Amino acid sequence: MSGTFVGMPAFPDAAREAVGNKTLRGNLRHATHTIRDKRARAVAELDDWAALREAGKQIKDHTLRHLDRYLVQVEEAVTAAGGTVHWASDADEANEIVARLVEETGESEVVKVKSMATQEIALNEALEARGIHAYETDLAELIVQLGKDRPSHILVPAIHRNRGEIRDIFRSEMSEWGRPAPEGLTDTPAELAEAARLHLREKFLRAKVGISGANFVVAETGTLVVVESEGNGRMCLTLPETLISVVGIEKIVPRWQDLEVFLQTLPRSSTAERMNPYTSMWTGTTDEDGPRAFHLVLLDNGRTDTLADEVGRQALRCIRCSACLNVCPVYERAGGHAYGSVYPGPIGAILSPQLRGAGSEIDASLPYASSLCGACYEVCPVAIDIPEVLVHLRERVVQGGPAVRNGNRVVLKPAKGHAAERAAMRAAQWAFTHPGALRTGQRLASRTRRLHPRTLPGPGRAWSGSRDLPTVPAEPFRDWWQRTHGGKGGAK
């Protein structure tokens with residue numbers, strides 16, 4: 001991965017600042033509650049939702065187990081259909097491939113349909129360094145780009161902005177990027193959407209090169225699929241003479257028939273729609289319609305390293321629906337920017353540290369950006385057990401251990417700042433394997449409970465600073481059990 005956002009602190013510090021922003025919290029609360037309530041109603045309409053969820057999980061797991069075979073099948077199918085396949089091991093290689101392909105066309109402008117993979121590798125910045133201007137055409141991405149901002153949500157990148165802020169951005173910035181905002185622009189949604197439509201229309205009609213991602217790649221046919229709600233994707237995919245698609249290798253599904261599952265679960269989980277408004281599919285090139293040249297860039301960038309982790313690999317099932325963000329109490333209060341990644345929320349907390357490694361301060365802190373309430377697992381349409389992966393990654397941060405980095409097996413060192421946590425876990429392990437000592441400690445804790453502090457001293461302050469210490473019972477469970485003869489006699 002191309003690294004964290006410049007200057008990002010650890011998640012607790014970034015979240016603390018975000019929580020103090022009342023406008024941000026209000027925007028997030030309104031948007032996430034609205035989306036998740038609509039999603040719940042849409043999902044409830046399907047009697048077989050649980051079966052669809054399990055089917056999606058099984059398809060993704062099967063694909064990941066046999067990814068080597070399906071990647072070769074994709075290359076063969078795309079090539080046979082007139083496309084060209086490129087392999088990129090990391091962000092730098094992917095950016096070089098895309099920049100070279102654009103330069104070969106002689107163009108200096110490209111239009112883009114929303115692609116998290118290109119955000120992940122910082123493609124826009126890489127193209128800008130080569131004198132190529134990339135224009136985002138998704139409405140929310142346009143808002144982020146014009147505002148010189150960063151996305152904060154997978155589905156709604158400008159979720160942290162309200163209508164008044166968007167109006168002000170359009171008024172002040174549109175003229176520098178192309179067609180200016182209409183005179184007297186207000187903050188009504190219809191006027192804002194019309195201003196964006198007029199601004200983008202001339203870019204669609206002028207651009208000779210389009211860049212996209214893909215929601216799915218069908219190995220059986222070499223078909224790519226993009227689902228979106230505004231029609232901008234359809235314009236980017238059909239009007240340019242050259243189309244370049246940058247796609248993570250985990251987006252593959254084996255068969256055309258597999259789309260039957262995901263085209264039901266994705267729209268309901270993301271936008272609460274029964275069917276996606278615009279579903280675009282293309283297979284290679286044709287002489288009569290669409291781009292005359294098609295390039296598929298298959299991106300690794302830490303994905304095979306993640307695949308090597310038997311627990312963590314389930315993060316690669318993600319279909320980017322963002323349902324986990326909308327139910328997460330941590331995301332709702334902290335917002336997406338605090339995660340320091342284009343993948344915010346619960347899925348970002350397990351995906352980013354695996355793609356990038358936990359070497360930076362922000363990545364080492366991300367597995368802790370959760371209350372482990374389990375709401376994210378309950379809504380995930382491919383049943384990613386995010387709490388399980390979070391605990392797994394926390395163990396790796398604290399204890400270190402074997403992992404795969406850049407295709408090589410390595411032994412990670414424990415992250416700094418967790419010595420007290422490791423000592424506490426070792427003490428707990430010793431106590432639980434010595435019943436006599438555990439019993440004595442429990443009795444001592446009960447008899448001295450009136451003397452217990454409300455917060456922990458020293459390194460423990462970081463834990464108790466945002467939590468109440470549990471109250472120690474007046475009598476250990478073991479003693480109560482023995483006194484009441486296993487609960488069958490004595491006091492009732």
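The values are calculated or read from the model by the stated rules, or taken from the named source; none is laboratory data. These numbers come from a predicted model, not from an experiment. Ideal geometry is used to build each Cβ from the backbone, glycine not excepted, and the neighbour counts take in all protein chains shown. Calculation scope for accessible area: heavy atoms of the full protein, side chains included, ligands and nucleic acids excluded. Shrake-Rupley method; radii C 1.70, N 1.55, O 1.52, S 1.80 Å.
Laid out as a table, the results:
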{"item": "Those residues of the range 456-488 which are at pLDDT below 85, loosely packed, with under 13 Cβ neighbours inside 10 Å and in contact with a Lys or Arg (Cβ under 9 Å, 6 or more places away or on another chain), in sequence order", "result": "Asp468"}
{"item": "Failed criterion for Ala338 (all others in (1) without any contact (Cβ under 8 Å) to a residue 24 or more places away in the chain; (2) open to solvent by less than 10 Å² (accessible area, probe 1.4 Å) hold)", "result": "(1)"}
{"item": "Complete set of residues in the range 280-301 that are buried (at least 21 other Cβ atoms within 10 Å of the Cβ) and of a type in the set (A, V, I, L, M, F, W, C)", "result": "Trp282, Phe294, Leu296, Val297, Leu298, Leu299"}
{"item": "Residue match in the range 389-399 (condition: open to solvent by 50 Å² or more (accessible area, probe 1.4 Å), more than 20 Å from Ala364 (Cα to Cα), touching a residue at least 12 places away in the same chain (Cβ under 8 Å) and not in a strand (DSSP E or B))", "result": "no"}
{"item": "Neighbours by Cβ (under 7 Å, 6+ apart or cross-chain): first from the range 418-429, under 16 Å from Gly400 (Cα atoms); second open to solvent by 70 Å² or more (accessible area, probe 1.4 Å) and at pLDDT below 80", "result": "Ala420/Pro459"}
{"item": "Condition check for Leu142: touching a residue at least 12 places away in the same chain (Cβ under 8 Å), within 30 Å of Gly56 (Cα to Cα), crowded, with 18+ Cβ neighbours inside 10 Å and of a type outside the set (S, T, N, Q)", "result": "no"}
{"item": "Pair list, Cβ < 7 Å and 6+ apart or interchain, from the range 433-453 residues that are among the charged types (D, E, K, R) to residues that are surrounded by 12 or more Cβ atoms within 10 Å (Cβ to Cβ) and in a loop (DSSP other than H, G, I, E, B)", "result": "Arg443/Pro476; Arg449/Val472"}
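Each row is one residue, and each column tells you yes or no for (1) hydrophobic (A, V, I, L, M, F, W, C); (2) at pLDDT below 95; (3) more than 29 Å from the chain's Cα centre (by Cα).
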position	(1), (2), (3)
His153	no, yes, no
His160	no, yes, no
Arg171	no, no, yes
Glu176	no, yes, yes
Thr188	no, no, yes
Glu191	no, no, yes
Leu205	yes, yes, yes
Val209	yes, no, no
Ser212	no, no, no
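Residue-by-condition table, conditions (1) part of a loop (DSSP other than H, G, I, E, B); (2) out of contact with any helix residue (DSSP H, G or I) (no Cβ under 6 Å at 6 or more places or on another chain); (3) modelled with pLDDT of 95 or more:
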site: Leu52; (1), (2), (3): no, no, yes
site: Ala94; (1), (2), (3): no, yes, yes
site: Glu107; (1), (2), (3): yes, yes, yes
site: Thr118; (1), (2), (3): no, yes, yes
site: Ile166; (1), (2), (3): no, no, yes
